[in-house]
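Beneath this line is the structure, given in structure tokens, with notes to follow.
The values are calculated or read from the model by the stated rules, or taken from the named source; none is laboratory data. Just so we're clear, the structure is a prediction, and the values are computed from it rather than from any experiment. Counting neighbours? That spans all protein chains shown, and the Cβs are built from the backbone with ideal geometry, glycine included. The protein model used for the area step is the full one, side chains on, heavy atoms only, and it has no ligands, DNA or RNA in it. Shrake-Rupley method; radii C 1.70, N 1.55, O 1.52, S 1.80 Å.
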Amino acid sequence: MADHTVKAFDADIGQLRGMISQMGGLAEDAIGQAMQALARPDPELAARVRADDKAIDAIEAEVERLAVRIIALRAPMAVDLREVVAALKIAAVVERIGDYAKNIAKRVPSIDGEHRIEPISLLPAMARMASDMVRHALDAFAARDAEAAVRVVESDAALDDFYDSIFRTLVTYMVENPRTISQVAHLLFVAKNLERIGDHATNVAEMVYFAATGTQMADRDRGGPDKETR
Amino acid sequence: MTPKISARDVSVFYGAKQAIDHVSIDVDQDNVLAFIGPSGCGKSTFLRTLNRMNDTVASARVSGEILLDGEDIYASGMDVVQLRARVGMVFQKPNPFPKSIYENVAYGPRIHGLATARADLDALVEQSLRRAGLWDEVKDRLTDSGTALSGGQQQRLCIARAIAVDPEVILMDEPCSALDPIATAKIEELIHELKGRYAIVIVTHNMQQAARVSQQTAFFHLGQLVEFGRTGDIFTNPREERTRDYITGRYG
């Protein structure tokens, strides 16, 4: 896309996009560190994750201020307008993703480091999958790549399957080891949080698709010559 | 629904220079249609073909077909004066006659024989000024000169004057570019109220204005009609790259 005639407009949009990337990076870090804290367990690291969440919240507020300012002062149209609106909504969603990471960190002190619960080893793999979805959704935003956004949405089904299988495993474990119920219940919530993070990454991807194409992903042309021959 | 005006394959030349290049577009009865585009794109030239204002330019030549209710307005038997009563025009700079407010409005109906009795003419002047949203501001000083009004009031007087001859279409060529924001808002509100009663075509450099007042937008560039569609679509998701670059301020 060509530059705007008014260069300051490009600078504003660039700043907005930069803040979204930064938020996304922090949210990914928060997920990774919360899971590390949980697996070790490491209450100090968990406390840090909770404290760091304030930085994500602060950037969200900044995104809101800048987006409103761009709308008021530059009257963005078409792709620019869609991008500003998407950035506003994406910032809110990424902030929620940060909250889920914080919630995982909050549960770390309840995990007993002495008597390890085996199914906990399944969670980091699920967390990586959720975190990848977040990263790919934000990469798609940075690249204005509608196809990459579609792939993120499609990958959510695998995360949901992962959640279902962990859920069954944890419930079985609780039935067999009733004394661990209170701890394993926390792990159930962690798994649920990761599943929700995947849903939020899906929402981000849908907004990326809208910003890039001007149409809703649900309305997109499904299939095509490529898929029919497969 | 059959269009009020149907332009088919219209080209306009000023001498050897082609100003409009094979444009086809329909003007609906019930909508406001906005023409946007950079200076020199042909939007005003095209607007002026719709009531043959280009006839006054000696070197101008129009080809193609423009139908008003199915009737070719460039046919040899067309009465141009009558045509311009049916397709009225409001210009960029308010241009009231140097006469009283009353006379500005009464002049058209009188020469077109729409009202002869004084009472009929009074009623028509009041109705026109009311429709133009000016009545309450001028009813106590109808004998004052039209040129003594403020710019925004003068423009509404010109709209009242256009309305007075009971036109079917009103063409507006940047009607607010000489007005302050309050007067502009009043004209825009007026356009909204007149919509439906008259087919309205407006040329504007102000894209926000096009977005606010119109239901359909046509983007012109280098004499061509690049894109024509619903205003909501043009300003949120234009199909053509040239349209996108223009409305987002990327036009080189």
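Among the conditions (1) open to solvent by 40 Å² or more (accessible area, probe 1.4 Å); (2) of a type in the set (A, V, I, L, M, F, W, C); (3) closer than 24 Å to A:A201 by Cα; (4) within 14 Å of chain B (Cβ to nearest Cβ), A:A58 misses just one, which is (4). Does segment B:47-62 contain any residue that is surrounded by 16 or more Cβ atoms within 10 Å (Cβ to Cβ) and in a strand (DSSP E or B)? Within segment B:47-62, one or more residues are surrounded by 16 or more Cβ atoms within 10 Å (Cβ to Cβ) and in a strand (DSSP E or B). Given the condition in contact (Cβ under 8 Å) with a residue 60 or more places away in the chain, among the charged types (D, E, K, R), open to solvent by 10 Å² or more (accessible area, probe 1.4 Å) and within 14 Å of chain B (Cβ to nearest Cβ), answer yes or no: does some residue in segment A:61-74 qualify? Yes, there is a match, as at least one residue in segment A:61-74 is in contact (Cβ under 8 Å) with a residue 60 or more places away in the chain, among the charged types (D, E, K, R), open to solvent by 10 Å² or more (accessible area, probe 1.4 Å) and within 14 Å of chain B (Cβ to nearest Cβ). In segment B:235-252, the qualifying residues are those that are in contact with a Phe, Trp or Tyr (Cβ under 8 Å, 6 or more places away or on another chain) and in a loop (DSSP other than H, G, I, E, B), and the one that is surrounded by the fewest Cβ atoms within 10 Å (Cβ to Cβ) is B:E240. Take the conditions (1) over 16 Å from A:Q33 (Cα atoms); (2) more than 14 Å from every other protein chain (Cβ to nearest Cβ); (3) in a helix (DSSP H, G or I); A:A130 misses just one of them, which is (1). Every residue in segment A:1-45 that is within 14 Å of chain B (Cβ to nearest Cβ), part of a helix (DSSP H, G or I) and not hydrophobic (A, V, I, L, M, F, W, C), please. Within segment A:1-45, A:K7, A:D10, A:D12 qualify.
Being open to solvent by 30 Å² or more (accessible area, probe 1.4 Å) and hydrophobic (A, V, I, L, M, F, W, C) is the filter; apply it to segment A:89-122 and report the residue that is nearest to the other protein chains (Cβ to nearest Cβ). Among them, the one singled out is A:A92. Restricting A:A125, A:A86 to residues that are within 27 Å of A:A148 (Cα to Cα), among the aliphatic types (A, V, I, L, M) and surrounded by fewer than 21 Cβ atoms within 10 Å (Cβ to Cβ) narrows the list to A:A125. Per the conditions (1) under 23 Å from B:Y102 (Cα atoms); (2) part of a loop (DSSP other than H, G, I, E, B), the sole criterion not satisfied by B:S177 is (1). The residues on offer are B:V81, B:V23, and the sole one that is in contact (Cβ under 8 Å) with a residue 60 or more places away in the chain, under 30 Å from B:H192 (Cβ atoms) and not charged (D, E, K, R) is B:V23. Selection within segment B:71-98: residues that are open to solvent by less than 30 Å² (accessible area, probe 1.4 Å) and part of a loop (DSSP other than H, G, I, E, B). The member of this set that is farthest from B:E174 (Cα to Cα) is B:I73.
Checked against (1) open to solvent by 20 Å² or more (accessible area, probe 1.4 Å); (2) more than 18 Å from A:A27 (Cα to Cα), A:R196 passes all but condition (2). Residues that are open to solvent by less than 40 Å² (accessible area, probe 1.4 Å) and more than 19 Å from A:V108 (Cα to Cα) do not occur anywhere in segment A:30-51.
Against the numbered list (1) at pLDDT below 95; (2) open to solvent by 60 Å² or more (accessible area, probe 1.4 Å); (3) not charged (D, E, K, R), B:A185 comes up short only at (2). Cβ-Cβ contacts under 6 Å between residues 6 or more apart (or on different chains), taken from a first residue in segment A:91-114 that is in contact (Cβ under 8 Å) with a residue 40 or more places away in the chain to a second residue that is in a loop (DSSP other than H, G, I, E, B) and not acidic (D, E), are listed as A:V108/A:P41; A:I111/A:P41; A:G113/A:P41. Please indicate, with yes or no, whether at least one residue in segment B:203-216 is farther than 16 Å from B:I36 by Cβ and hydrophobic (A, V, I, L, M, F, W, C). The answer is no, given that none of the residues of segment B:203-216 is farther than 16 Å from B:I36 by Cβ and hydrophobic (A, V, I, L, M, F, W, C). The single residue among B:L83, B:L142 that is touching a Lys or Arg at 6+ places or on another chain (Cβ under 7 Å) and not charged (D, E, K, R) turns out to be B:L83.
Residues of segment A:133-144 include at least one that is open to solvent by less than 50 Å² (accessible area, probe 1.4 Å) and more than 20 Å from A:A34 (Cβ to Cβ). Condition first: under 30 Å from A:E118 (Cα atoms), buried (at least 16 other Cβ atoms within 10 Å of the Cβ) and modelled with pLDDT of 95 or more. Can you find one or more residues in segment A:13-22 that meet it? Taking every residue of segment A:13-22 in turn, none turns out to be under 30 Å from A:E118 (Cα atoms), buried (at least 16 other Cβ atoms within 10 Å of the Cβ) and modelled with pLDDT of 95 or more.
Each row is one residue, and each column tells you yes or no for (1) over 30 Å from A:T5 (Cα atoms); (2) within 14 Å of chain A (Cβ to nearest Cβ).
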{"position": "B:L149", "(1), (2)": "yes, no"}
{"position": "B:A210", "(1), (2)": "no, yes"}
{"position": "B:H221", "(1), (2)": "no, no"}
{"position": "B:G232", "(1), (2)": "no, yes"}
{"position": "B:E240", "(1), (2)": "no, yes"}
